[in-house]
Amino acid sequence: MKTFDQVVIGGGFSGMLAAHRAAREDKRVLIIEAKDYLGGFVFNGSLGHHHVDLGAESFSIIKDDLQVLVGELGLESDLVRPNPVGASLLTGGSRIRIPQGYLGVPMDLEDPSLRKVFSETEIAEAKRLDSLPFSFATGTVFDLISSRLGEVFSTRLIDPVIAGVHGSSSHNLDAEVIFANILPKARELGSLVAAVHHSRSESNKDSARSKPGSAVMGLLGGMKTLIDALAERLRLKSVVVQLASEVKSVTRLDNHWKVATQNGSILTDKLSVCTGPQAVAKLFIGEVGSAAEQFNLVDVAIVGLLVESDELNSFPLGTGALIAAGQGYLAKATTHTNAKWSWIQESLPKNQHLIRISYGRDGVIPTGDLEVLASTEIGSIYGISKYAVLETVLIAWPGALVQSNQKVLSDFQRVTKDLEDDGLEFCGAFLSGNGLLGLATEHNKRRNA
């Protein structure tokens, strides 16, 4: 039976980070991944002669944990900022620029774009509510926004942004998790808007980063560049990778962990389980499995389109749009990829454009042919009448996003806490939050512990 100092189950970004952490300590490490590639939801596909991100295509810079990793991997020169024109929001029958802020919460209630969606009376009420003593303790994102800005801000502004990022309505997400980086400062300052302003000011160290749409960054060549560089670093550290290998069981054996796969069994002193909660529930019975089953996951589907249209040359939605419910579209978001990233724009022939359209509001994927649906909706979403869809590609991400719930998260952490003494750790977006930054932050905490 083979032995390793540490075995990592799951070769997505979280699993790769766990292996990277262990390899830095010169441990003999094995990654076991069920798919035939590393990177998980950081995935690209081909459209024409172009490789485009069909999973994560940027990362938040609200904190610098992921930028630190980029530096460690020698990718600083590949960092790119999106086109500062920013994205649009389709809501209330209007198209507006998404106000600077955090997940739709504006950093300034005087932002002119708000007046295209809200009346002076509604904005005045938001100012009044956010000036009241900050008494919010617990609840959903909808509860938080309604109490501080008013219900209309939840419905018309926050909900479509939250749905675009987390795939769920603000009614289904816990504020303590989604706004974990904002709430402590909001309680200190007595204002949600002031806390968002402070957070954006801290992350915007120069004028270029303070422009609209620049709360994220990307990499030349797409986010797959990060995965490739991390995989190369693991190779240089002699990390063994076992792809297309399904873990059958995990058992405790003589103070070691025995991991059984279709390719044989492995013994290890430390085990990192970096999968989604569904896989955790299958591998662990009792309290751990039951706690994992309580996480609610949502499905996402993305259609990539290569489109020819001179009407798109003006970038009518900026870098794309988040779409509120009730606007007449089944799509929840779209990204005008070459409008967002200049390095892609420079590679395209005249009048050709790369577009992503996302489906799965609250995890509900429309029935039927999504590539046909996206090819139809793109015209009205972008307001164009003459266009030709040259090629499409579809990728479905079952259970890609987690609906945050503080009680479910706390219960899982409670039942798994004692297992850490036995060398067992659980990692993944269902614990650290949706998005690459959350994963990087969590692993940095573990590395520095």
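The values are calculated or read from the model by the stated rules, or taken from the named source; none is laboratory data. If you're wondering where the values come from, they're calculated on a predicted model, not measured in any experiment. Every residue, glycine among them, receives a Cβ derived from its backbone with ideal geometry; neighbour counts consider all protein chains shown.
Some observations on this one:
- Residues satisfying the stated conditions in region 358-374, i.e. touching a residue at least 24 places away in the same chain (Cβ under 8 Å) and under 21 Å from E308 (Cβ atoms): L370, E371, L373, A374
For every residue, the table says whether it meets (1) buried (at least 17 other Cβ atoms within 10 Å of the Cβ); (2) assigned by TED's automatic domain parsing to the domain that holds S169; (3) at pLDDT 90 or above; (4) not small (G, A, S).
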position: G71; (1), (2), (3), (4): no, no, yes, no
position: T91; (1), (2), (3), (4): yes, no, no, yes
position: D108; (1), (2), (3), (4): no, yes, yes, yes
position: S113; (1), (2), (3), (4): yes, yes, no, no
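- Some residue of region 10-31 being surrounded by fewer than 17 Cβ atoms within 10 Å (Cβ to Cβ) and at pLDDT below 90: no
- Residue in region 227-237 that is under 25 Å from A333 (Cα atoms), at pLDDT 95 or above and either within 22 Å of the chain's Cα centre (by Cα) or surrounded by fewer than 20 Cβ atoms within 10 Å (Cβ to Cβ) (or both) present: yes
- Hey, L283 buried (at least 16 other Cβ atoms within 10 Å of the Cβ) and more than 19 Å from L439 (Cβ to Cβ) or not: yes
- Where strands (runs of 3 or more DSSP E) sit wholly within region 24-93, those with at least 2 residues that are within 25 Å of I355 (Cα to Cα) occupy 44-47, 50-53, 88-91.
- Any hit, region 51-60, residues being acidic (D, E), under 28 Å from L306 (Cβ atoms), at pLDDT 90 or above and touching a helix residue (DSSP H, G or I) at 6+ places or on another chain (Cβ under 9 Å): yes
- In region 346-356, the condition of being in contact with a Gly (Cβ under 6 Å, 6 or more places away or on another chain) and closer than 23 Å to L322 by Cβ is met by at least one residue.
- All of (1) modelled with pLDDT under 95; (2) crowded, with 21+ Cβ neighbours inside 10 Å hold for N296 with one exception: (2).
- In the condition set (1) under 30 Å from L149 (Cβ atoms); (2) in the same structural domain as F315 (by TED's automatic domain parsing), H50 is compliant with all but (1).
- One residue stands out among those in region 368-388 that are of a type in the set (A, V, I, L, M, F, W, C) and in a helix (DSSP H, G or I): the one that is surrounded by the fewest Cβ atoms within 10 Å (Cβ to Cβ), which is V372.
- Scan of region 132-172 for residues that are surrounded by 24 or more Cβ atoms within 10 Å (Cβ to Cβ) and outside any helix (DSSP H, G or I), ordered by number: L149, G167, S168
- Residue ID - surrounded by the most Cβ atoms within 10 Å (Cβ to Cβ), chosen from residues in region 429-441 that are over 16 Å from G167 (Cβ atoms) and modelled with pLDDT of 90 or more: L439
- Residue ranges of helices (runs of 4 or more DSSP H) in region 246-357 with at least 2 members free of Cβ contacts under 8 Å to residues at least 40 places away in the same chain: 277-283, 286-293
- When region 173-191 is limited to residues that are part of a helix (DSSP H, G or I) and not hydrophobic (A, V, I, L, M, F, W, C), the one that is modelled with the lowest pLDDT turns out to be E176.
- Members of region 192-220 that are assigned to a loop (DSSP other than H, G, I, E, B) and at pLDDT 60 or above: A215, L220
- Residue within region 316-324 that is among the aliphatic types (A, V, I, L, M), surrounded by fewer than 18 Cβ atoms within 10 Å (Cβ to Cβ) and at pLDDT below 95 present: no
- Scope region 396-418; condition buried (at least 18 other Cβ atoms within 10 Å of the Cβ), assigned to a strand (DSSP E or B) and not small (G, A, S); matching residues: W397, L401, V402, Q403
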